[in-house]
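Peer 1: Sharing a structure below in structure tokens format, with a few things to ask.
A short reminder: the numbers here are calculations on the coordinates, not readings from a lab. Just so it is clear, the model here is predicted, and its values are computed rather than measured. When we count neighbours, we look across all protein chains shown, and the Cβ atoms used for this are built from the backbone with ideal geometry, even at glycine.
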Amino acid sequence: MGIEGGLVVLKSKMGRGCDREAKDRVLKRGKNTVPDLSLYRFYLLKENGLPHSAELRSSIWKQMKDAGIKFIPSNTFSYYDQVLDTTAMLGAVPPRYGWNGGEIEFGTYFSMARGNASVPAMEMTKWFDTNYHFIVPELGPEVKFSYSSHKAVQEYKEAKALGVETVPVLVGPVSYLLLSKPAKGVEKSFSLLSLLDKILPIYKEVIAELKAAGASWIQFDEPTLVKDLESHQLQAFTSAYSALESSLSGLNVIIETYFADVPAAAFKTLTSLKGVTGFGFDLVRGAQTLDLIKGGFPSGKYLFAGVVDGRNIWANDFASSLSILGSLEGIVGKDKLVVSTSCSLLHTAVDLVNEPKLDKELKSWMAFAAQKVVEVNALAKALTGHKDEAFFSANAAAHASRKSSPRVTNEAVQKAAAALKGSDHRRATNVSARLDAQQKKLNLPILPTTTIGSFPQTMELRKVRREYKAKKISEEEYIKAIKEEINKVVKLQEELDIDVLVHGEPERNDMVEYFGEQLSGFAFSANGWVQSYGSRCVKPPIIYGDVSRPKPMTVFWSSMAQSMTARPMKGMLTGPVTILNWSFVRNDQPRFETCYQIALAIKEEVEDLEKAGINVIQIDEAALREGLPLRKSEEAFYLDWAVHSFRITNCGVSDTCQIHTHMCYSNFNDIIHSIIDMDADVITIENSRSDEKLLSVFREGVKYGAGIGPGVYDIHSPRIPSTDEIADRINKMLQVLETNILWVNPDCGLKTRKYAEVNPALQNMVAAAKLIRTQLASAK
Ligand SMILES: Nc1nc2c(c(=O)[nH]1)N[C@@H](CNc1ccc(C(=O)N[C@@H](CCC(=O)N[C@@H](CCC(=O)N[C@@H](CCC(=O)O)C(=O)O)C(=O)O)C(=O)O)cc1)CN2
Ligand SMILES: [Zn+2]
């Protein structure tokens, strides 16, 4: 088998969460805008019909086949995420979902993912350093594993029936366990890896069934190998694959890693695994891997060289890739080198063909998933002497034009950003003095209530934005409609008796995209959807040049909202680190430089809001934790510039201006000191869907003197929390946090919820806050 064709490791998601509601949302989206897939889902929409999951899959397989891809992955489709699919495969359903065995059906699957009327959802967390999420398996010594989802085999057979031979992809057994957590009640010291012996028999059943169905290759994703693992964790890989070796005989086996380079020790473990035919590496994010490979790669093994960036939208630099591939060829041999994407194409946009509004020059600099597949094939062909000269010279020309384009450079911005490095930016007064000054002005009760910013995004709202964008309604009509919505949200919050209000963000499609659309140096796609979780997708803006703010972005709406109420109205901004981490960023300068540029733009906005009389300004840094490098040695540098960027945005406001920030979805405990160092006056932070892990850091004695609102209920689930439940949570918080710094708020924004859920939930939240205020007052 030669390299012509190559393999693309393409774990594209081909379907979206499909309980009824999500299905309806899919149906309503127009052609080209169904955001659940990474690849080509729009080809699959029938004229008036549903994007049927089987059709979605078949279209993607066919597309890859047509592009010349030789090893086409299957079992990459998911109704939620691939880790939850593995949980289903292993039958590891937590008992509270009342599953009684048998093939896992939608009801159980979506109850785990999203909760149901009586049981909350399982924890959801970030997939490595991406904006994608997965449902965290809950395991313990009592779990009885059983083969309960035959999806991997079904998809393999489905492709085969269509005449497409595929490589079934499974989440590797070790990564699965390393991404799990001990179930409630299970000792913290319980070793999840001790479950290997129990899950491997299920993997063996799957492997046997795949073999029987005719598979000749199989891929295990073991991305945890790129993290700093301990030696017993590395040992687990050796044990697991030794145990699988005899089952795997007769199959070609790929172990795939991605998102960073593999540390030297892990590289050694990985390349020594028994029964493995090939190893996959991310050569875009992994600066070291190349040296490791040069230092010793097992002879006779395949190397899947991830040279085409699966996490960005830039056209591959063919010249540079060819030189890397050329050097690898010398090491592993011509017939053992496979050209690949760096990771799943799930994390990039779908197809440039759907972007008629991006100008030609910008487009020539880019490659979305559909183009990346073609790039993979072109590189593989070039290696075998079938170089498409025209394609290669167009690629070189595009790179040259990007390098020298005046559109990319704004000297004033570069100068201002360069001046920030190495300096410090802090507010002059310390936080407790600031809080006192603010309280004089705001006069809030104890346990003040607030929300995170967005209110439900209704169909009508989306329609208004869409029609305005399409110039079907005038600016006047648009402003009128949004103003009415803001007024509705303000009145609702007053009725609910919330203390610090928000305007509800009805003018925003997305908290990052909205700012991207107004900043210079950004381009945005019309249809470049990327899945975030379940059926939720985002359209990351594209940063191609130096960033600046031509004019105020939020002042108009925020001052309008403030004028509707006597209560404090929060100005609502997205912070620089989050804009950076949730955009496709330029790859021609370090990330921190781009971040400082965005920080300067947001700083101007913060100061304009203050001038306009907004006294409380929230600067969301939802993605700060997610951007944390996967390797410890790189953390300090990142946290330094990320926290610095945040402080730059608000170091210029007066003491009485209260700066809030918000973070969601992550483990903060390991970066709590950086969070404190952000020096915000108030932080609202996700808490309820991760077992209140956040609180343990305060239990362990970390001092926190600024305002803090750990979320009192999960907003990602349609479930309505009761007053008692919320009051309980507040009481738990009061055990570790001072009464005078605690805020009461949901975990995150409410945009994905319906009013029928939001109204009672907030009502209960305010009732709970009042209940505890009364209790505290009478206890005095
Ligand atoms: N960038 C980002 N990342 C994030 C979050 C976030 O808010 N933003 N939150 C966390 C969780 N992730 C989330 C990701 C997406 C959504 C979300 O609600 N996405 C919306 C799309 C958002 C959007 O931009 N919508 C456009 C319209 C999109 C569209 O498809 N329009 C259709 C019609 C759609 C319809 O009628 O439903 C059309 O024009 O034809 C708008 O509102 O203006 C969705 O999937 O439904 C929520 C949370 C973590 N990461
Ligand atoms: Zn959030």
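Peer 1: To the nearest 10 degrees, how steeply does helix 389-404 sit against the main Cα axis of the chain, on a 0 to 90 scale?
Peer 2: The angle comes out near 30 degrees.
Peer 1: Sticking with this structure for a sec: Using the per-residue mean of other Cβ atoms lying within 10 Å as a proxy for protection, in what order, highest first, do the peptides 483-493, 301-311 fall?
Peer 2: Result, highest mean Cβ count within 10 Å first: 301-311, 483-493.
Peer 1: Counting Lys and Arg as +1 and Asp and Glu as -1, what is the net charge of the other residues whose Cβ lies under 9 Å from the Cβ of ALA213?
Peer 2: +2
Peer 1: Going by a ≥ b ≥ c, the root eigenvalues of the Cα gyration tensor, does the stretch 7-404 fall in the rounded group (a/c under 1.5), the prolate group (a/b larger than b/c) or the oblate group?
Peer 2: Cα axes put the stretch 7-404 in the oblate bin.
Peer 1: Please give the helix 151-161 orientation as an angle from the longest Cα principal axis of the chain, in degrees from 0 to 90, rounded to the nearest 10.
Peer 2: The angle comes out near 50 degrees.
Peer 1: Now a separate question. Write down, largest first, the equivalent ellipsoid semi-axes of the chain in whole Å, where each equals the square root of 5 times an eigenvalue of the alpha-carbon gyration tensor.
Peer 2: Square roots of five times the eigenvalues give 42, 31, 25 Å.
Peer 1: What size of dipole, in debye to the nearest 20, comes out for the chain about its Cα centre when the only charges are +1 on Lys and Arg C-beta atoms and -1 on Asp and Glu C-beta atoms?
Peer 2: Result for the chain is approximately 860 debye, rounded to the nearest 20.
Peer 1: Can you list residues whose amide H is under 5 Å from VAL712's amide H, if they're 5+ apart or on another chain and H is modeled 1.01 Å from N?
Peer 2: Here ASN745, ASP747 satisfy the definition.
Peer 1: Using all C-alpha to C-alpha distances in the stretch 596-746, build P(r) with 5 Å bins and read off the rounded percent in each one.
Peer 2: Here the calculated profile for the stretch 596-746 is 2, 9, 18, 21, 18, 15, 11, 6, 1, 0.
Peer 1: Hey, another quick one. What's the center-to-center distance, using Cα atoms, between the stretch 319-371 and the stretch 414-458 in Å?
Peer 2: The distance from the Cα centre of the stretch 319-371 to that of the stretch 414-458 comes to 42 Å.
Peer 1: I would also like to ask the following. Could you pull out every residue, at least 5 positions away or on a different chain, whose amide H is within less than 5 Å of the one on THR574? Hs are placed 1.01 Å off N in the peptide plane, and Pro or chain starts have none.
Peer 2: Under 5 Å from the amide H of THR574: ASP620.
Peer 1: Suppose every Lys and Arg Cβ carries +1 and every Asp and Glu Cβ carries -1, with no other charges. What dipole size does the stretch 7-404 come out with about its Cα centre, to the nearest 20 debye?
Peer 2: 480 debye
Peer 1: Further question: What are the aspartates and glutamates whose alpha-carbon lies under 18 Å from the alpha-carbon of LYS294, with same-chain residues fewer than 8 places away excluded?
Peer 2: Cross-link targets: ASP261, ASP282, GLU329, ASP335.
Peer 1: Past the 28 Å Cα-Cα mark, which pairs from LYS184/LYS274; LYS126/LYS483; LYS70/LYS360; LYS126/LYS480; LYS440/LYS611; LYS360/LYS551?
Peer 2: Listed pairs above 28 Å: LYS184/LYS274; LYS126/LYS483; LYS70/LYS360; LYS126/LYS480.
Peer 1: Moving on to the next point. Return, for the Cα atoms of the stretch 497-590, the radius of gyration and Dmax in Å, separated by a comma.
Peer 2: 15.2, 49
Peer 1: For the residues TRP582, TRP641, what sequence is obtained by ranking on other C-beta atoms within 10 Å, fewest first?
Peer 2: Least crowded to most crowded, the residues run TRP641, TRP582.
Peer 1: Out of the DSSP beta bridges found with both residues in the chain, what percent are antiparallel (nearest 5)?
Peer 2: Percent antiparallel among DSSP bridges in the chain is about 15.
Peer 1: Run a plain Debye calculation on the stretch 253-406 (Cα atoms as equal point scatterers, no solvent) and give log10 I(q)/I(0) at q = 0.09, 0.10, 0.13 Å⁻¹, rounded to two decimals, same order as the q list.
Peer 2: -0.30, -0.37, -0.61
Peer 1: Using the Cα centre of the chain as origin and beta-carbon charges of +1 (Lys, Arg) and -1 (Asp, Glu), tell me which of PHE128, SER583, VAL744 is placed farthest towards the positive end of the dipole.
Peer 2: Toward the positive end, the furthest listed residue is SER583.
Peer 1: If you line up the long axis of helix 755-779 against the longest principal axis of the chain, both from Cα atoms, how many degrees apart are they, to the nearest 10?
Peer 2: Here the helix axis deviates by roughly 50 degrees.
Peer 1: While we're looking at this one, here's another question. Rank PRO710, ILE683, THR656 by how far each Cα sits towards the positive end of the charge dipole of the stretch 656-721 (+1 on Lys, Arg Cβ; -1 on Asp, Glu Cβ) and give me just the farthest.
Peer 2: My answer, from the dipole projection, is PRO710.
Peer 1: Counting Lys and Arg as +1 and Asp and Glu as -1, what is the net charge of the other residues whose Cβ lies under 13 Å from the Cβ of ASP497?
Peer 2: Charge balance near ASP497 sits at +1.
Peer 1: Just from the alpha-carbon atoms, what are the Rg and Dmax of the stretch 200-242 in angstroms?
Peer 2: Both quantities, over Cα of the stretch 200-242: 13.0, 37 Å.
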